[in-house]
Amino acid sequence: MLRLGLTGGIGAGKSEVSRLLAGYGAVVVDSDRIAREVVEPGTPGLAAVVAEFGPGVLTGDGTLDRPALGAIVFGNPERLQALNAIVHPLVRARSAELEAAAGQDAIVVHDVPLLVENGMAPLYDLVVVVDASSETRIDRLVRTRGMTEAAARERMAAQATREERRAVADVVIDNDGPLEKLEPQVREVWDSLPERAAESGRRGRME
């Protein structure tokens with residue numbers, strides 16, 4: 001098994017790279033998707049969130065009111081830490097289950113938006129960073145997500161810098177251009193993975 005950590009700043013195009021890798025045969029473990037699953041109605045995760053933050057974080061139909069919860073934790077490190085203490089262990093446990101089910105010959109891509117911020121780079125055999133300029137990312141966020149430029153800049157400022165992400169990268173995929181330029185880069189990375197997996201296996205036998 002080869003374990004890849006895939007990350008990139010908001011608007012860099014990480015989700016598109018993840019989609020391409022899945023199409024080539026990778027088993028993708030999406031941390032954001034799992035984080036939503038572990039707080040669905042009826043889960044212990046949602047019960048723990050409500051116990052910590054109160055019933056005001058629920059909508060009328062009993063689902064998590066993400067904007068309400070975000071208003072509580074955004075800009076409040078103590079409350080954010082309390083939320084992370086509930087959600088992160090659940091995400092890690094579910095990610096481990098999905099990885100174990102993938103099989104020993106799999107290439108498993110862990111799609112982790114906050115990989116750098118949470119110091120997770122050492123957990124993976126290879127870290128792939130999807131990179132794009134600030135101008136490109138702001139343009140995408142404004143055009144495709146309907147954000148204001150100020151909101152886009154605020155979200156970007158809350159994440160690791162480009163330099164911090166590139167510092168932990170084994171592979172950097174440049175996504176400043178159109179999709180036509182992204183696909184060949186991702187394919188080149190994918191084609192190199194069998195040799196990287198073999199190298200990882202050799203290292204494991206020597207350790």
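The values are calculated or read from the model by the stated rules, or taken from the named source; none is laboratory data. Nothing here was measured: the structure is a model prediction, and the numbers come from that model. Because the Cβ atoms are built from the backbone with ideal geometry, glycine has one as well, and the counts that use them run over all protein chains shown. These area figures cover heavy atoms from the full protein model, side chains too; ligands, DNA and RNA do not enter into them. Shrake-Rupley method; radii C 1.70, N 1.55, O 1.52, S 1.80 Å.
Summary table below
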read-out: Subset of the range 162-184 (residues that are within 24 Å of residue 120 (Cα to Cα) and either outside any loop (DSSP other than H, G, I, E, B) or open to solvent by 60 Å² or more (accessible area, probe 1.4 Å) (or both)); value: 162, 163, 164, 165, 166, 167, 168, 170, 171, 172, 173, 174
read-out: Cβ pairs under 8 Å, 6+ apart, first in the range 12-24 and touching a residue at least 24 places away in the same chain (Cβ under 8 Å) and charged (D, E, K, R), second in a helix (DSSP H, G or I) and open to solvent by 20 Å² or more (accessible area, probe 1.4 Å); value: 16/179
read-out: Set 101, 152, 47: member being closer than 28 Å to residue 12 by Cβ, in a helix (DSSP H, G or I) and of a type in the set (A, V, I, L, M, F, W, C); value: 152
read-out: Every residue from the range 56-88 that is open to solvent by 70 Å² or more (accessible area, probe 1.4 Å), of a type in the set (A, V, I, L, M, F, W, C) and outside any helix (DSSP H, G or I); value: 74
read-out: Residue list for the range 138-161, restricted to those being surrounded by 15 or more Cβ atoms within 10 Å (Cβ to Cβ) and either more than 20 Å from the chain's Cα centre (by Cα) or among the aliphatic types (A, V, I, L, M) (or both); value: 138, 139, 141, 142, 147, 152, 156, 160
read-out: Test for residue 119: is it among the small types (Gly, Ala, Ser) and outside any helix (DSSP H, G or I); value: yes
read-out: Considering residues of the range 130-177 that are of a type in the set (Val, Ile, Thr) and more than 23 Å from residue 4 (Cβ to Cβ) only, the residue modelled with the lowest pLDDT; value: 144
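Yes/no per residue for (1) open to solvent by 50 Å² or more (accessible area, probe 1.4 Å); (2) under 26 Å from residue 146 (Cα atoms):
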| residue | (1), (2) |
| --- | --- |
| 1 | yes, no |
| 10 | no, yes |
| 20 | no, yes |
| 23 | yes, no |
| 38 | no, no |
| 42 | yes, no |
| 45 | no, no |
| 48 | no, no |
